Structure formats: C-alpha cells, structure tokens
There are 4 protein chains.
Amino acid sequence: MTALTPDELYAYDCQGYVRLDGFLDAPALASARSFLETAPDAHLPDTGLRRWEAPHRRHEAVRALVTGPAFTGAALSVINQPLRLLECYGHESSRGAFLYMHNGQTLDQLWEGGIRASRHLAYRCDYHDGRLYTTYVKLIAYLTDVGPDGGPFCYIEGSHKAQLPFPWPDAVRQRRTLLSQSGHPMLRTVPVRAGDVIVLNEALLHGASVRVSDGPRVLLAASYGPSFMTDWRRLEREPGDVETAGYADLDDEVSFHEEADGHG
Amino acid sequence: MTALTPDELYAYDCQGYVRLDGFLDAPALASARSFLETAPDAHLPDTGLRRWEAPHRRHEAVRALVTGPAFTGAALSVINQPLRLLECYGHESSRGAFLYMHNGQTLDQLWEGGIRASRHLAYRCDYHDGRLYTTYVKLIAYLTDVGPDGGPFCYIEGSHKAQLPFPWPDAVRQRRTLLSQSGHPMLRTVPVRAGDVIVLNEALLHGASVRVSDGPRVLLAASYGPSFMTDWRRLEREPGDVETAGYADLDDEVSFHEEADGHG
Amino acid sequence: MTALTPDELYAYDCQGYVRLDGFLDAPALASARSFLETAPDAHLPDTGLRRWEAPHRRHEAVRALVTGPAFTGAALSVINQPLRLLECYGHESSRGAFLYMHNGQTLDQLWEGGIRASRHLAYRCDYHDGRLYTTYVKLIAYLTDVGPDGGPFCYIEGSHKAQLPFPWPDAVRQRRTLLSQSGHPMLRTVPVRAGDVIVLNEALLHGASVRVSDGPRVLLAASYGPSFMTDWRRLEREPGDVETAGYADLDDEVSFHEEADGHG
Amino acid sequence: MTALTPDELYAYDCQGYVRLDGFLDAPALASARSFLETAPDAHLPDTGLRRWEAPHRRHEAVRALVTGPAFTGAALSVINQPLRLLECYGHESSRGAFLYMHNGQTLDQLWEGGIRASRHLAYRCDYHDGRLYTTYVKLIAYLTDVGPDGGPFCYIEGSHKAQLPFPWPDAVRQRRTLLSQSGHPMLRTVPVRAGDVIVLNEALLHGASVRVSDGPRVLLAASYGPSFMTDWRRLEREPGDVETAGYADLDDEVSFHEEADGHG
C-alpha cells in the first residue's frame, strides 16, 4: 500500500483535496477505462453526463484497481481506520456538461421529519495526534485531460472547514446562473491530465465547471469510508421506518434549481 | 416525539450520559420486559450475563418501544440527523456479573493491517450552532432497580471528551483487578431505579461494576446513529476484502484480560 | 521543573482540574503561609473572605514558591508556551464563607458596548499533538485541611468543555439559594488536606461551598498564562478607549445576586 | 461601528483573510498617509522596508482612523470580545522588498527553556454558536496600488486551520529561495488597489512577495485582540523571569535564513 506523503497530506488537510499527478500509469489508465466497454446505466440530460454504476462488479480490471493497494493506500492515509469501498462509478461527459456544486461543511439542511442540521455527519474530517480521520473520501481518476475549458473540478476555497453557512448568491438561488459561472471570488478550478487523481474530502463545497471544449471527459470515481458505513445510496423510506440505511440528501445547489423548476 | 430538555442536553454534553428518571411508566416497563418470555441467545460465563439479540424482531411490544417516539425522540435530540436503529438487546445478570469498561475517546488502537488510531470514528459527538451530533447513542432502559451493590453503570469522568490516552493502571493491564474495582479516583457510578433510562454517548469510557447483591438485574438497550451507519456487528473479514461492513474491535479492558489469559 | 505525570494530565484534561496530594511539604507550607504575617488588603463581607493581594511582592518566601520550579513546572505542563505569572493572592475565610460559582465554557455574556459572547477567550484549553494549551491556569495551594464541611472547592462536572450554555436553576437566578447548595445533580466537591494543590483550568464552572465548620480556611493562589497576557485586573475604561488592558467581567452567579440586590 | 457582512465573514473564516475593496475613501486615505510626514523609525536593509512604529501616537489622523468605528468595527466582527489595539505601524517599501512568510497554525516551535509547541496561543481563531473568536487580527490598509508585481500579500491556502506541520521545502530551509518565489503549489497572492484593506487572521501562513516594480508600496497596519492581551512586543527576559510580558518568537522562514547566515 502506498501512503500519501507529508506534502500531500498537508495539501489535503488545508485545501480539502490533493491532486496526485500521474497517479495512474498507462496500464492502470487502460484498466480504469475498461468500463467504457459496456453501456452506461444512466444518462442525465440536465447535466449531460453518462454514468456507469458499480463498474467494479462487472469489470475485473476496475475491481483490481479500486480494491488494490494504490487506491486503498491513498484512502487509508486520510481515513486511518479499517475502511471499505462505499461506491464506485464511471462518468463520461461532453460539451455543455457540468456538475452542480454540493456539500460544504455548514449547509443548513432540512431533512425528513423536520430535522434541521448544519452538519452532515457522513462528510467530515477529524484530526488527532498526527492523523486525519475522514469519513468519506473520493478518489477521482481522470482518464482524459481536463483543461480549464474541459469542465474541471471546481471548489470554494476553505469550505471543507467552514464554520459559517455558505452565503449562496441570489443569482444561484434563483437559477439565473451556476455557482461555477457566477464569478464567485472564492471559486477555484483544478485542471488535470489523464492519469491524475484528485483525493477529495467530500466535506468540500465542490462540483465541475461547464465543459466548453469538444470530445469526451472521462473519469472513474471510488469512495471509501470507515468500515461501519453503508454503501452510498439515497435514503428513501416510509415515515416511521427507522431501520433502512442510506444517505440523507443534501440541500444544495441542485435544490435551488429543482425548486425553480417546480419539482423537488 | 419527545426531545430532551436543556438541562438533560447539558448533562449529556458535559457528562457523556444523562439519566432520565422514570422514563418508562408501568405499561412501558411491562412492554420492555416482554423479551424475557423467550430463551436468551447467549450466556457469557466470564461476566455472568444472559443476552437476548434483537428482541424487537420477536416481540412486538419491544419493537413498538424502541422504534416509538419516546426512544427515538431522545436519540434524535443528540443525533440531529435522520437516524436508524443500530442494535437492540436484552440483558439479565446476577450476583458476580460485571461489564468490562470500554471505549474512551482516545484509546490507542491497533487494528487489522497494522492500522493505528486514537479515534474510533463510530463513537463520537460533534457540536455546531446549538446542536449535538452523536454518531452512536445507546439508550439503556433499566427494568429492575440497580443500587450501588447491584452492578451499576460506571464510567470515568470526562473520558468522552478526553484528548489524552487513558493511562490504564498496571493492575488492570495485568488482570489483577477490574478497573471498576481498582479505586480509580475518576471512577463514578450511577445507581438507578426500574424505569430509569441512561442515554449514553458511546465515546464515554464506561462499563458495569460487579453485582454483589442477589436477584436479577434486567435491562433493555437500543442504540441509534445516523442513517448511513450499518447495523452493529463485529467486523470480520479476510485480508484484502474491502467491502464487508462492520465495526472494528476496540482494544480495551477486555483485551488485557484476554491477553493475560493467553487468547486474543 | 517538575512536570505533571500522564495520570495527572489525563485528570486535568477530563475533569478540568487535578488535585496534587501533598504537593507542599512542611517547609513549603510554612513559606506559603508567610503572607498571613501582614494585614489583608480586603475583607469581603458578602462572602466572609479576607484577601491579600500580590503577597509575592511583599514576602520573598511566597515569591520563591510561586516563581519556583514546582509551581511553574506544573503550570507549564498544561500551558506549553513561555508563561508568566498573571496574579497571586492569599485567602483566609471562616464559618459562613463561600465563593460564588463562576466561569463555565459557554456562559452567554453581555459585555461593554453590547458585545454578546459565549466564549471568554481568556479562559480556554486547546489541545494539539499530545500537548494541552491552557490560557489561564490557577494553582490553589491549601494551607489548612478543608473537609466536606470546610467550604471545599466545588464544580459542575464537565463544564470546562461544555458546548451548551449552563441552565442556571431559577432559584439561583432569583437568589433564593447558592448553586453550591442547590442540590444540583452535576455538582461535585473536592475535599483537601493542608499541602494539597488544585491545578485548575479556569474554564471550569467552579467556586467554594459554604464553610460550616469552625476555624480558618487558608489558601494561596497563583495563576499563570502565556507570556502575552496582561496581569489579571478587571477591565475598566471609558467608552471609546481601546487601549487599556484588562479582563472583561463574566456574567455569572454573582451577577444574579447583584441584580437581585438592585446593584450591578 | 460597521460589522463585516455574512459574505465577508465567510471569506475570513474559510480563507484566513478577507479583502475589503475600497474600504478607505479619499479622506481616509489621506489620514492614513499622514505618518509619512515624519521620519521612519527603522530601515530593514534585508528586506528593503522602512517602518514607522506606533504612528497613532504621533499623528492624530492615524489615531482617529485606527481607534475609530470602521477599523474597530471590522475587528470586533471577528473578535467578539471587548478588544484593544495591540500594535500599529506604517510601512514603505520599494523594488526588491519582501516579507518573509510566517505563522501557520502548526509550526513546530522551539522556545525559551526548551519549550516545544505546535500552537502559538496568541494567533488563533475559535468559533462558537455563530461567532468567530480571533485572538490576533491585523487590518492592513493599502495606501498605494499593489499589483501582481508590486510585492502583494501572499499566503498558503488553508494554512490558518492546518492540523499538520507545514513541510517547508528544502530550498527554503537552505536559503536558496524564498517560499514566495519557490513555485509552491498552495501559494496564493492578493493584488490590491489603494484604499483596500485586508483583514487578516494572524494564524495564516503569510508574507509579501518580492516587489519587482518601481515606486513605493505604502501601507498602514493595525492589530487588535481581546482586552487581556498585552501590546505586541518581542518577549525578551532573563532566565527565571516569569513576570515580563511579550510575544514569544516564531520559528519560521526568517529563522532558516538567520541560521543559514550563522546568526540566530
């Protein structure tokens, strides 16, 4: 297993993510891309994404990669607990695609049964005595170059440790613009090359900018957390049910858009 | 649903538990005791306990209690997330029974694959903007009186927020005594009456003193956490498996005893 | 210099104080008592206390003690910064004396110019990588035995790390009783012998119970903090003055009493 | 008094600073510049800076500014305690000038008497229940434009909340380059216009890039903290002195350079 270096851990702690340049060599890149051989499970017309669910269950090369020492070693460096794979998916997107920005440490959330919370306990990162303890870390492996025009990863600086609620701009709330296109002074973008991996603390307020260049953007993502966490799936249950497991929905950028559309 | 009062929340925050006096009225007590009608699932000879697993699956009255508004309302007060029931069990014990003290916020743990950690991410309590966020809260409903001689709940003061590792006394490490009988200056005990409930932040270093009085001590316990947590079960898996879910074992008082016995 | 042991540091962290038994030997006790040779600077009729200000400036034996390696070594163990002596005083009290309970980590304070705060930055304890960082630590050296009836040190369990505001009982707010006599379920008392020292994190909600035994209770106190803190003195200044240094007053038990008396 | 807006407070919390555009209007700019009428108190040849100490003591216009409602209101927004002015100085610099990068939340510091610490208690920012609590906040008022070539403010992203020690690059440690010129991937710079103010949490690892443009760069700085903090001054005292107040020196970029020079 390969652990992150002190420089990488410092970057992950301070920025909420770290980019590992050239993490995948050519054979690993080929393995990672093997999911493209089968048809996608979903096509999200809103955001122009094609999505493959759990490709590690169908493609042995993907499985070897996301359960292997390089991926799990990086994840373990920031979890520091017995861990498990929580989700795995592939993405392909083209011109016009984007990803709504989501999470942020202090979203004021309204959940089932009127529960109000400003923390989502699934997405956190503690620290004690030299070790980081993340609950949900995502490795995003880029399988194509993604330059500034290619719909790169974007985030709000420092939001993974925010104490105060993010003041969503009115234009975002009213769906007149995307946060990633709003010119927000704290927005940062992270261009990558094929083979780079972003190790992401899910507490960061992040998404993907609009892709304005041609050709496909392809990535493979794998998320890890402590062994007691359930697979990622949206929490859906009847009133009164207190046994079904799942992840409660965050009330973030997409909500404003769904609301403006009259659904959600 | 019934929320804890400000006094009860303050006690829970500062002490790591709060005793709710007379939480169960006579009918609720009768419901809770219904699990005794069937045979126990386990008998732990070391500690003199008889244990019923998941009685809410066999006894509708137990189910109604642990999924009902009183229990889940108390739990929700300190979780403040969509929650789920993580475990439920019944206990009956007699003279000589005890429970090893376990947890504490800063155990230096050695886990599978050489993982060293001083935090167990399953047992924590955060706070933000007026709300507590516990990951694992246990409601212990006492179905008989448990006086000072009855094997009462015991704990180390302030250990749920400890920053430093607990200095286990040598006599405990070498199994010459139990921590609860060691005269430790920070040990506190909590006698209860039938119908009282202890709401416990599992991060507290706690256990049960040796019962030196006659007759049975009976309790029903139900644990709750955020909806993304898996049912309580010991993590057992092969090397290389990163999909099985479960709770990694803590390296606590019982370990010293197992070690001294030459097993574990 | 003598550092606190791991057991003592753990107790200080978890309880907000630690009692060091027999910290002063007979010669040190005699040195500490030398301030009694001069007249007190104040007599507080409300609480039956006689108080000596800065006895280390008049009595070389006191100075040697409070600037010497035993006292500063204990303080340094929990400050872990270059430190300075912030205050020193002697107390003598007799039957009927007490000390209002004060501090607590989350008092909702109203200060000059309408400033509302739930933290007093002067009284805190951080932790990082194995070291405690206290801003205001008081060593209380007991120069007489103080049993349960002698007006012992008392505190609210866990209040030094409280996240929620202390719910002052109505009877305390309305001056019908003292908190230390209110039967509060989280109140703890700490009897001592002559020569014992209590090392106190000032963030703890603490005071002294009413003395109901005869004869004098005598103590010497010395407080320490990081070198950038000013000597303890009440902040008193004109509106608009932003240069005078001092400690803003806490809005605690004594305030309710002053209010009930129509002054303050 | 003028408080920071929610957007400004969010930026300050997440970035460790916030730039207030056009905070000084033309008359305020003229007031701020009045210190230039007298001779500087120091000229630092290493870094090409001319420095005026405490200009608010000599120039009424400066005093009115740094004790007035705009400056103290901004400071109070992030201190939330009765505050005081801790230091005030003016700077003028020309081509070649720079400021070594210093602070960062987790410097491993070696202080007087062998004290090792990874926190400097003078430079922190807590949070509780909707309010930030900074101990040392500096307002830097820019009195000339400072573009990317002008020696702008620079910092390491997220370093004000770092949990891990900053991994100083070897080339910095060995004085072969400045951190601000090292191409560090987490380095950010903040160009400003005359009249802009940067509100800085001193815990941030920050400095000024090398000025490569002509003409003077002029700024006025004023620092504030809770009322119990002493004026900024370097702690200098004899061994055994535990009464002198002051700020212990940080072991940062300048130390490596002093060491490489054989002094310090």
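The values are calculated or read from the model by the stated rules, or taken from the named source; none is laboratory data. The shown structure was predicted, so the numbers you read here are calculated from the model rather than taken from an experiment. We place every Cβ from the backbone using ideal geometry, glycine too, and count neighbours over all the protein chains shown.
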Hey, can you tell me all the residues within segment C:216-244 that are within 14 Å of chain D (Cβ to nearest Cβ), among the basic types (K, R) and not in a loop (DSSP other than H, G, I, E, B)?
-> C:R234
Can you name the residue in segment C:178-196 that is surrounded by fewer than 17 Cβ atoms within 10 Å (Cβ to Cβ) and more than 17 Å from the chain's Cα centre (by Cα) and is also nearest to the other protein chains (Cβ to nearest Cβ) among such residues?
-> C:P185
Residue hits (segment D:245-254; touching a Leu at 6+ places or on another chain (Cβ under 7 Å), within 8 Å of chain C (Cβ to nearest Cβ) and part of a loop (DSSP other than H, G, I, E, B)) are D:G246, D:A248
(1) away from chain D (no Cβ under 14 Å); (2) of a type in the set (G, A, S); (3) more than 21 Å from A:G150 (Cβ to Cβ); (4) over 19 Å from the mean Cα position of the chain (by Cα) all hold for A:A26 apart from (3)
Number of the exception - B:L132 against (1) hydrophobic (A, V, I, L, M, F, W, C); (2) closer than 17 Å to A:P226 by Cβ; (3) surrounded by fewer than 23 Cβ atoms within 10 Å (Cβ to Cβ); (4) at pLDDT 95 or above | (2)
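Residues A:D126, A:D145, A:D149: which one is within 14 Å of chain D (Cβ to nearest Cβ) and either closer than 11 Å to A:L205 by Cα or among the acidic types (D, E) (or both)? Steps first, please.
Details: A:D145 fails: within 14 Å of chain D (Cβ to nearest Cβ); A:D149 fails: within 14 Å of chain D (Cβ to nearest Cβ).
Checking each option against the conditions leaves just A:D126.
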Could you check how many residues of segment B:80-109 are more than 30 Å from B:G150 (Cβ to Cβ) and away from chain C (no Cβ under 14 Å)?
-> 5
Collect the residues in segment C:152-170 that are touching a helix residue (DSSP H, G or I) at 6+ places or on another chain (Cβ under 6 Å) and more than 9 Å from every other protein chain (Cβ to nearest Cβ), keeping them in residue-number order.
-> C:C154
Note down all Cβ pairs under 6 Å where the first residue falls in segment B:53-79 and is over 22 Å from B:D21 (Cβ atoms), the second is surrounded by fewer than 22 Cβ atoms within 10 Å (Cβ to Cβ) and aliphatic (A, V, I, L, M), and they're at least six residues apart or on different chains.
-> B:T67/A:V242
Out of curiosity, is D:Y89 farther than 24 Å from D:A11 by Cβ and under 14 Å from the mean Cα position of the chain (by Cα)?
-> yes
The lone exception for B:A97 - which of (1) surrounded by fewer than 21 Cβ atoms within 10 Å (Cβ to Cβ); (2) part of a loop (DSSP other than H, G, I, E, B) it fails | (1)
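Only one of B:L143, B:L178, B:L139 is closer than 19 Å to B:G225 by Cβ and touching a residue at least 40 places away in the same chain (Cβ under 8 Å). Can you tell me which? Reasoning before the result, please.
Details: B:L143 fails: closer than 19 Å to B:G225 by Cβ; B:L178 fails: closer than 19 Å to B:G225 by Cβ.
That would be B:L139, the only listed residue that is closer than 19 Å to B:G225 by Cβ and touching a residue at least 40 places away in the same chain (Cβ under 8 Å).
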Which one of these does D:K138 not meet: (1) among the basic types (K, R); (2) in contact with a Leu (Cβ under 8 Å, 6 or more places away or on another chain); (3) within 13 Å of chain A (Cβ to nearest Cβ)?
-> (3)
Listed by range, helices (runs of 4 or more DSSP H) wholly within segment A:1-69 having at least 3 residues that are small (G, A, S) and in contact with a helix residue (DSSP H, G or I) (Cβ under 9 Å, 6 or more places away or on another chain) are A:26-32
Mind checking which residues of segment C:110-123 are more than 7 Å from every other protein chain (Cβ to nearest Cβ), farther than 26 Å from D:D108 by Cα and either buried (at least 21 other Cβ atoms within 10 Å of the Cβ) or touching a Phe, Trp or Tyr at 6+ places or on another chain (Cβ under 7 Å) (or both)?
-> C:H120
Given the conditions (1) within 14 Å of chain A (Cβ to nearest Cβ); (2) within 17 Å of the chain's Cα centre (by Cα), and given that D:E8 satisfies all but one, which numbered condition is not satisfied?
-> (2)
Does any residue of segment D:167-183 turn out to be touching a Ser or Thr at 6+ places or on another chain (Cβ under 8 Å) and closer than 24 Å to D:L86 by Cβ?
-> no
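Taking the conditions exactly as written (out of contact with any helix residue (DSSP H, G or I) (no Cβ under 7 Å at 6 or more places or on another chain) and either among the β-branched types (V, I, T) or more than 9 Å from chain C (Cβ to nearest Cβ) (or both)), does B:R173 satisfy them or not? Talk me through it step by step, then tell me what you get.
Values: out of contact with any helix residue (DSSP H, G or I) (no Cβ under 7 Å at 6 or more places or on another chain): no; either among the β-branched types (V, I, T) or more than 9 Å from chain C (Cβ to nearest Cβ) (or both): yes.
So B:R173 fails the test.
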Restricting segment A:20-59 to residues that are at pLDDT 95 or above and at positive phi, which is surrounded by the fewest Cβ atoms within 10 Å (Cβ to Cβ)?
-> A:G22
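Return yes or no: is C:L76 in a strand (DSSP E or B), closer than 16 Å to C:V199 by Cα and within 9 Å of another protein chain (Cβ to nearest Cβ)? Explain how you work it out, then say what you get.
Numbers: in a strand (DSSP E or B): no; closer than 16 Å to C:V199 by Cα: yes; within 9 Å of another protein chain (Cβ to nearest Cβ): yes.
So C:L76 does not fit the description; no.
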Test for C:F166: is it free of Cβ contacts under 8 Å to residues at least 12 places away in the same chain and crowded, with 21+ Cβ neighbours inside 10 Å = no
